[in-house]
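Novice: Submitted below is the structure of interest, expressed as structure tokens.
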Amino acid sequence: MNDRLTPFVAGAALLLIAGLMAPPAEARSSTASPAPSASPQTSASLLAQAQLDAASGRNQQARDEAAQSVSLDPTNMAAERLLGDVEYRLEHYSAAEAAYKIVLANAQSDRDVHNRLGGVYVAENRIDDAINQFKLSLPSQEGMLNLVEVYKEEGRLKELEAQDELDMDRSPSDDPISRFELATVLDAEKRYPEAISLYNQAIQLNPRFWEAHNGLGIVYGEVGRFTDAITQYKMAINAQGNCFQCWMNWGVELINSGDPKSAMDKIQKSLTINGQFGMAYMNLGVAYDALGDSQKAIELYDQAISFDPHVPQVYYNLGSDYFEHGFMNLAYAAYIKGIAINPHDATLHLALGYYYQNRHEYDQAIEQYKLAMTYDPSDPRAKDYLTQAEALAGH
């Protein structure tokens, strides 16, 4: 196989769970410092320390402090919400679900928590429950992206498209939200001209609809119109200055344009707004990889996982760096972990097949390439690699 595995750049369109972990404003710092000692500790002081530990990726410490904060003051919903977040990161899904349900019992219309609970259900493969929660989170952009991703994973995008088309037909003629939602589905179906048209309609109806500007930028990026994409992210940021996804996406387009150094500034701005945005750490790692600093990239990929262990792309990137430097056992472990999280991720199956072929384990490679073809028939690499592996195996 002649072409090397390259790091995977992911924008918000591929954001399944990563956007769920945005902390409260007071916790948006990646630099932790010990909280002043208090005797005895109060629920508030424990929450403050838990927020600092969570912002630094010290999830177990944050979990223990948040749990103690809640035990001292069961009405402290900020502590309960944080407890749900770190339980999710630690893959304690039942505990995360319980914490989020307590928050929702006190605030049934909290869209952000519905979105987070949907992420927990995805991790547990409770798909119908996840869909219900993501729908309750609408019209948030994260909720819509997550909803689309679940339907895509289940092979049910046409079903969601039909629902959204009906909603748009029934909505008032000046409603931008229904157009935005259908455009997001069409983008996932790679029906780019139609998605662009609907995003533009939504923007014409509401020029400050930052989610539509961001969505339009994502589509432009996917079709290689990087300058147009950046223009849309700038417009989104003008309308919503704290859109950390928009800053990161701007950086993504700079990476794709061949300017990873400039991309770092934009992604760092994203992390200034939300220091716990796992996808931004991953894409910052991609920028470092592009500049030849794989050691720093690996550190950032590990940091991304500490903030959100459920983004399959980061395991591909981590495994690819290990593979390139000959750490085959670590590469294998990264690919296997990624597939455990998302069994239908074609890129990870392709990478695992590459790993097996490199070890002359051709039957296992063939199996992985066939899975990659099943999950993404549009990627020609899987067919090419399969042909090579079958020839080497004497099939």
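Novice: Going by what's in this entry, would Glu80 be described as part of a helix (DSSP H, G or I) and farther than 30 Å from Pro207 by Cβ?
Specialist: Yes, satisfied.
Novice: Conditions first: (1) hydroxyl-bearing (Ser, Thr, Tyr); (2) without any contact (Cβ under 8 Å) to a residue 40 or more places away in the chain; (3) crowded, with 24+ Cβ neighbours inside 10 Å. Tyr220 passes all but one, so which condition is the exception?
Specialist: Unmet for Tyr220, out of (1) hydroxyl-bearing (Ser, Thr, Tyr); (2) without any contact (Cβ under 8 Å) to a residue 40 or more places away in the chain; (3) crowded, with 24+ Cβ neighbours inside 10 Å: (3).
Novice: With respect to Gly275, is the statement that it is part of a helix (DSSP H, G or I), open to solvent by less than 10 Å² (accessible area, probe 1.4 Å) and of a type in the set (Gly, Ala, Ser) true?
Specialist: Considered against the rule, which asks whether it is part of a helix (DSSP H, G or I), open to solvent by less than 10 Å² (accessible area, probe 1.4 Å) and of a type in the set (Gly, Ala, Ser), Gly275 comes out as no.
Novice: How about the range 254-272: which of its residues are touching a helix residue (DSSP H, G or I) at 6+ places or on another chain (Cβ under 8 Å), part of a helix (DSSP H, G or I) and open to solvent by 30 Å² or more (accessible area, probe 1.4 Å)?
Specialist: Residues satisfying the conditions are Asn256, Lys261, Ser262, Asp265, Lys266, Gln268, Lys269.
Novice: Out of (1) over 17 Å from Glu211 (Cβ atoms); (2) open to solvent by 10 Å² or more (accessible area, probe 1.4 Å); (3) not hydrophobic (A, V, I, L, M, F, W, C), the odd one out for Gly251 is which?
Specialist: That leaves (2) as the condition not met.
Novice: What are the residues in the range 335-385 that are under 19 Å from Tyr151 (Cα atoms), open to solvent by less than 40 Å² (accessible area, probe 1.4 Å) and part of a helix (DSSP H, G or I), if any?
Specialist: Scanning the range 335-385 gives Ile339, Ala346, Thr347, Ala372.
Novice: Quick check on Ala67: is it open to solvent by less than 30 Å² (accessible area, probe 1.4 Å), assigned to a helix (DSSP H, G or I) and more than 27 Å from Glu299 (Cα to Cα)?
Specialist: yes
Novice: How many residues are farther than 16 Å from Val219 by Cβ and without any contact (Cβ under 8 Å) to a residue 24 or more places away in the chain if we restrict to the range 165-194?
Specialist: 10
Novice: Just give me the residues in the range 196-213 being part of a helix (DSSP H, G or I), open to solvent by 40 Å² or more (accessible area, probe 1.4 Å) and under 11 Å from Ile237 (Cα atoms), in sequence order.
Specialist: Result: Trp210, single match.
Novice: For the list (1) open to solvent by 40 Å² or more (accessible area, probe 1.4 Å); (2) in a helix (DSSP H, G or I); (3) over 23 Å from Trp210 (Cα atoms), I need the number of the one condition that Gly155 fails.
Specialist: Every listed condition holds for Gly155 apart from (2).
Novice: Restricted to the range 306-328, and to residues that are of a type in the set (A, V, I, L, M, F, W, C) and surrounded by 22 or more Cβ atoms within 10 Å (Cβ to Cβ), which residue is nearest to Asp85 (Cα to Cα)?
Specialist: My answer is Phe307.
Novice: Can you say whether Gly241 is modelled with pLDDT under 95 and open to solvent by less than 50 Å² (accessible area, probe 1.4 Å), as far as the supplied structure shows?
Specialist: So Gly241 fits the description; yes.
Novice: May I pose another question? Within the range 284-296, can one find any residue that is closer than 21 Å to Arg89 by Cβ, modelled with pLDDT of 95 or more and surrounded by 19 or more Cβ atoms within 10 Å (Cβ to Cβ)?
Specialist: The answer is yes; a qualifying residue exists.
Novice: Being out of contact with any His (no Cβ under 7 Å at 6 or more places or on another chain) and within 20 Å of Phe307 (Cα to Cα) narrows it down to one residue among Leu157, Leu47; which is it?
Specialist: Testing whether each residue is out of contact with any His (no Cβ under 7 Å at 6 or more places or on another chain) and within 20 Å of Phe307 (Cα to Cα) leaves just Leu47.
Novice: Now, a different point. Conditions: (1) in a helix (DSSP H, G or I); (2) within 20 Å of Phe307 (Cα to Cα); (3) not hydrophobic (A, V, I, L, M, F, W, C). Thr227 meets all but one. Number of the miss?
Specialist: Single failed check for Thr227: (2).
Novice: Can you tell me which residue in the range 101-139 is modelled with the lowest pLDDT, limited to those that are open to solvent by 60 Å² or more (accessible area, probe 1.4 Å) and within 16 Å of Tyr151 (Cα to Cα)?
Specialist: Ranking the candidates gives Asn125 first.
The values are calculated or read from the model by the stated rules, or taken from the named source; none is laboratory data. This one's a predicted model, so the numbers in the text were calculated from it and none came from an experiment. Every residue, glycine among them, receives a Cβ derived from its backbone with ideal geometry; neighbour counts consider all protein chains shown. SASA here: full protein model, heavy atoms, side chains in, ligands and nucleic acids out. Shrake-Rupley method; radii C 1.70, N 1.55, O 1.52, S 1.80 Å.
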